[in-house]
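*Asks:* Here's a structure for you.
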Amino acid sequence: MKILMVAIPNHHFFQWVNQLKSSGYEVFWFDITDGGDKVKRINWVTQIKKWKLKVDYPFRFSIKRYAPKLYRLIQKVNERDVAPVFNKCIEEIKPDIVHCFEMKLSGLPILGVMQQNNIPFIYSSWGSDLFYFKEMGVTKSQVQAFFKRTDYLITDCKRDYNIALKNDFKSSFLGVFPGNGGLNIDNNLIRKHEDRHLILVKGYDDGVGMASVVIQALTLIPKQLLKHKDIIVYSADASVISQIKTLTFFSDLNIKTYARHQFINNRELLEFMGKSCLHIANSISDGMPNVLLEAMGMGAFPIQSNPGNVTQEVILNEKNGYLINDPLDKDEIANLIEKALINNSLRKEAQHYNVNLVQKKYNRRVLQPKIVEMYKKIHLKDI
């Protein structure tokens, strides 16, 4: 069986694809952005790259940096359109299944091609993909046209399945799966409740992620609660790093930032989570965050925003975490952080509950054979 994947280069996508490595399936990846070199971590996959530029001319990056207007003018002539290139891939590969990840970037650019064939078409919604589609510049008619061609839907939360139904999705729903296909949790990295002295904050602050509000909230916490804690802000946007440097509140606290472009391998991040008393993430839009599930699986107490009520699918407020009702309210977030730091018994009980929940519902070893079988059933159904 041949499966043609369409996606941007993304850590979660690579994790999903690697579940099929020993399946016997022939897997192809059409890099919709044509970004960068071939990816070593999925080197067993046939990767379709270097398709966008007609001519990869010298000094291209210098022109892009120092003469952006000239660069854009050249690119209009020098870049190939996605549709004819993708159509040629379809003709040459003759895939049994096409699976795209995310609608705006990966799905809509190939929709015209897919409307000209009847190849089984799977769509995996990711993050803000459906929940925030209007704000992302996608019209309702585009979504409906896309769903008319979609044969199979996978979501990372129940919320997005309901959104799909409201936008005329009438085909087969394959279920809710984490965007990366499942979590590998190393129990050896999970520390006991009393050995957790780290506060972990996700640092996205890009208009959707609202880490800056969390940083403001931390300055409202009684300092004695933070004195004996380490604070790590990971995947931090430049605005957040600058904010922390300029706030004197943090000058005598042990706080460290990892920039968004600064690579932290997954094991290192899981180690941080495994010794964190809190994991705080705040945004105005998201799907089911993989990092939330990872943090819960590693025993960290989650304080998480709840856009579209998605996070409450796994967090029972005041039982196994705290839900942020207003991601723009620093006082509310400060109150939740303070309550969580004071309430040791709640965090201890939540750790036990969350570790078991993730092992039961999101364990990669359990989900992987189901996902492999899912493709097989689709293929057999189409024969």
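The values are calculated or read from the model by the stated rules, or taken from the named source; none is laboratory data. Predicted, not measured: the structure shown is a model, and the values here were computed from it. Backbone-built Cβ (ideal geometry, glycine too); neighbour counts: all protein chains shown. The accessibility values were calculated without ligands, DNA or RNA, using every heavy atom of the protein model including side chains. Shrake-Rupley method; radii C 1.70, N 1.55, O 1.52, S 1.80 Å.
*Asks:* Between Q262, Q216, which is more than 18 Å from A300 (Cβ to Cβ) and open to solvent by 80 Å² or more (accessible area, probe 1.4 Å)?
*Replies:* Q262
*Asks:* Going by the structure shown, is Y353 open to solvent by less than 20 Å² (accessible area, probe 1.4 Å) and either in contact with a Cys (Cβ under 8 Å, 6 or more places away or on another chain) or among the aromatic types (F, W, Y) (or both)?
*Replies:* Taking the combined requirement at face value, the residue does not satisfy it.
*Asks:* Do you know which of the residues in the range 1-24 that are of a type in the set (A, V, I, L, M, F, W, C) and under 21 Å from Y362 (Cβ atoms) is surrounded by the fewest Cβ atoms within 10 Å (Cβ to Cβ)?
*Replies:* Residue satisfying both the conditions and the ranking: F14.
*Asks:* Give V201, V213 a once-over and let me know the one that is part of a strand (DSSP E or B) and farther than 18 Å from S125 by Cα.
*Replies:* V201
*Asks:* Still on this structure: Filtering the range 49-62 down to residues that are more than 15 Å from D81 (Cβ to Cβ) and at pLDDT 75 or above, which residue is surrounded by the most Cβ atoms within 10 Å (Cβ to Cβ)?
*Replies:* Looking at the filtered set, the residue picked out is K49.
Yes/no matrix, rows are residues, columns are (1) under 28 Å from F13 (Cβ atoms); (2) touching a His at 6+ places or on another chain (Cβ under 6 Å); (3) of a type in the set (S, T, N, Q); (4) assigned to a helix (DSSP H, G or I):
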position	(1), (2), (3), (4)
L328	no, no, no, no
A334	no, no, no, yes
K339	no, no, no, yes
L346	no, no, no, yes
H352	no, no, no, yes
L357	yes, no, no, yes
R365	yes, no, no, yes
V372	yes, no, no, yes
Y375	yes, no, no, yes
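*Asks:* Go through the residues of the range 306-325 one by one and say whether even a single one is closer than 25 Å to D160 by Cβ, of a type in the set (D, E, K, R) and surrounded by fewer than 23 Cβ atoms within 10 Å (Cβ to Cβ).
*Replies:* For the range 306-325, residues closer than 25 Å to D160 by Cβ, of a type in the set (D, E, K, R) and surrounded by fewer than 23 Cβ atoms within 10 Å (Cβ to Cβ): present.
*Asks:* Another question, if that's okay. Restricting the first residue to the range 167-183 and requiring it to be under 8 Å from F147 (Cα atoms) and without any contact (Cβ under 8 Å) to a residue 24 or more places away in the chain, which pairs with a second residue that is β-branched (V, I, T) and open to solvent by less than 10 Å² (accessible area, probe 1.4 Å) meet a Cβ separation below 8 Å and a spacing of at least six or different chains?
*Replies:* These pairs meet every condition: F169/T150.
*Asks:* Could you please find all residues in the range 18-57 being free of Cβ contacts under 8 Å to residues at least 12 places away in the same chain and charged (D, E, K, R)?
*Replies:* Of everything in the range 18-57, those that are free of Cβ contacts under 8 Å to residues at least 12 places away in the same chain and charged (D, E, K, R) turn out to be K38, K40, D56.
*Asks:* Also, I was wondering about something else. State all residues of the range 260-283 that are modelled with pLDDT of 95 or more and touching a strand residue (DSSP E or B) at 6+ places or on another chain (Cβ under 7 Å); if no residue qualifies, say none.
*Replies:* F272, M273, K275, S276, C277, L278, H279, I280, A281, N282, S283, listed by residue number.
*Asks:* If I filter the range 266-307 down to residues being part of a strand (DSSP E or B) and either among the aliphatic types (A, V, I, L, M) or out of contact with any Lys or Arg (no Cβ under 9 Å at 6 or more places or on another chain) (or both), which single residue comes out as nearest to L183 (Cα to Cα)?
*Replies:* The extreme case among them is P302.
*Asks:* Can you find, within the range 104-146, the residue that is farthest from K2 (Cα to Cα) among those that are buried (at least 17 other Cβ atoms within 10 Å of the Cβ) and of a type in the set (S, T, Y)?
*Replies:* Y132
*Asks:* Separate question: Take Q262 and tell me if it is over 30 Å from S124 (Cβ atoms), among the polar types (S, T, N, Q) and over 16 Å from the mean Cα position of the chain (by Cα).
*Replies:* No; evaluated as a whole, the condition is false for this residue.
*Asks:* While we're looking at this one, here's another question. Could you list all residues from the range 107-124 that are closer than 15 Å to D156 by Cβ and polar (S, T, N, Q)?
*Replies:* Within the range 107-124, just S124 meets the criteria.
*Asks:* Identify, from the list R196, R159, R149, R191, the residue that is more than 30 Å from Y375 (Cα to Cα), of a type in the set (K, R) and open to solvent by less than 30 Å² (accessible area, probe 1.4 Å).
*Replies:* R196
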